[in-house]
Structure formats: C-alpha cells, structure tokens
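I have placed the structure first, in the form of structure tokens, so that the comments after it can refer back to it.
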Amino acid sequence: MKPYTFVALTVLSLAAAGPALAATDAHEHHHGTAPASLQLNAGKKWQTDAPLRAAMGQIRQSMAAALHAIHANKMSAKGYDGLAKQVEGAVGEIVANCKLPPAADAQLHIVVAELLAGAEQMGGKVKQGKRVEGAVKVIGALDNYGKYFDDAGFQPIPH
C-alpha cells in the first residue's frame with residue numbers, strides 16, 4: 001500500500017469511526033506513515049506490549065464468538081454494527097496506549113488500518129461492500145498480527 005493511500009484510508013476510517021478514534025490522526029503525525037507491507041524484524045516477530053496484547057485479544061475473542069453466525073450467514077446488521085464498535089473501541093485502546101518502538105509501531109499501523117477498514121465495512125459504511133467482507137478483513141488482520149507480532153498467548157481464529 002502506498003503511503004498516501006494509507007493516510008487516505010486512515011483519514012476515511014477516522015471520519016467514519018468518530019471522535020473515539022481521533023487520537024489515531026495525532027498518532028499518525030507523531031510516528032509518520034507505515035511502510036507498504038508487513039515484514040518481520042530481521043526474521044523475528046515484532047515486540048508487543050501488554051495493552052496491545054490485551055486489545056488484540058479482545059478483538060480476537062469478539063470475532064471468534066461471532067464466527068459461527070458469520071459463516072452461517074445469520075449475523076444481523078445490528079450484530080455486525082456491534083462487532084464494528086468492539087473492533088473500533090479496541091483499536092482506540094491500542095492507539096491511546098501505544099508504547100512500541102517506531103519500527104514496530106510502523107508495522108502495527110498496517111494491521112490497525114486493516115482492522116479499521118474491516119470495522120468500517122462491518123458497520124455498513126462501505127456501500128459497495130458486504131458486511132461479511134469486513135469480517136473477513138478483520139480476521140485477516142488478526143492473522144497478520146499473529147504472524148508478525150510476538151504475542152505468545154495469541155492464537156489465530158481457525159476459519
């Protein structure tokens with residue numbers, strides 16, 4: 001993803017997500033834009049901190065609990081709205097408590113952008129997309145978090 005595309009997506013996500021995530025914009029300006037794609041830290045996973053692990057665990061738990069309804073195509077619009085709000089709230093916690101070194105933080109921004117894009121779509125804010133596709137984006141972001149970040153207790157959602 002090109003840096004200007006990332007910034008545009010972040011701004012659009014923030015506009016849709018509301019004031020609770022306004023801190024993301026300040027966070028972006030503080031650290032700069034993220035690199036184009038996820039990569040390991042010289043072959044190793046990026047370090048994490050307790051607030052990041054807790055928030056990602058919350059997102060994982062919410063998505064795992066809804067997985068059956070999503071797969072069975074029985075998730076209501078209200079259910080997707082609730083999931084979107086849970087993801088946005090957890091991302092707000094990540095942003096508010098970000099204590100990662102700049103290189104790890106830059107990688108995290110890619111995952112955060114994926115989470116916000118998925119939440120926006122689950123929340124019905126992407127008119128050309130289906131809500132279920134937003135759930136797929138969030139689950140993909142969770143998979144990427146597990147692949148690229150060192151969180152020993154984190155398990156990807158089997159799907």
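See the values below:
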{"read-out": "Residue 143-residue 106 pseudo-label distance in nm [points 7 Å out on the Cα-to-Cβ vector]", "value": "2.6"}
{"read-out": "³J(HN,Hα), Karplus 6.51/-1.76/1.60, whole Hz, each residue of the stretch 131-148, x for Gly, Pro", "value": "4, 4, 5, x, 4, 4, 4, 5, 5, x, 5, 4, 4, 5, 4, x, 6, 10"}
{"read-out": "Computed P(r) (all Cα pairs; the stretch 83-127; 5 Å bins; percent)", "value": "5, 23, 28, 21, 13, 7, 3, 0"}
{"read-out": "Within-12-Å neighbourhood charge of residue 45 [Cβ basis; K, R +1; D, E -1]", "value": "0"}
{"read-out": "Amide hydrogen neighbours beyond the local backbone of residue 41, cut-off 5 Å, H modeled", "value": "46"}
{"read-out": "Solvent-accessible heavy-atom area per residue, rounded to whole Å², over the stretch 61-159 at 1.4 Å", "value": "47"}
{"read-out": "Cα→Cβ-extended label distance, 7 Å offset, between residue 47 and residue 99, nm", "value": "1.1"}
{"read-out": "Accessible-area composition of the stretch 53-159, carbon plus sulfur, in percent [1.4 Å probe]", "value": "53"}
{"read-out": "Whole-Hz ³J(HN,Hα) from phi, Karplus 6.51 cos²θ - 1.76 cosθ + 1.60, for the stretch 101-106, glycine and proline x", "value": "x, x, 5, 5, 4, 4"}
{"read-out": "³J(HN,Hα) computed for each position of the stretch 81-91 - Karplus, 6.51 cos²θ - 1.76 cosθ + 1.60, integer Hz, glycine/proline x", "value": "4, x, 4, 4, 5, 5, 5, 4, x, 5, 5"}
{"read-out": "Ranked packing of 94-104, 136-146, most packed first, by mean Cβ within 10 Å", "value": "136-146, 94-104"}
{"read-out": "Size of charge dipole - the stretch 55-159 - debye, nearest 20, with Cβ of Lys, Arg +1 and Asp, Glu -1, no other charges", "value": "460"}
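The values are calculated or read from the model by the stated rules, or taken from the named source; none is laboratory data. This is a predicted model, so every value here is computed, not measured. We place every Cβ from the backbone using ideal geometry, glycine too, and count neighbours over all the protein chains shown. Side chains included, ligands, DNA and RNA excluded: accessible areas come from the protein's heavy atoms. Shrake-Rupley method; radii C 1.70, N 1.55, O 1.52, S 1.80 Å.
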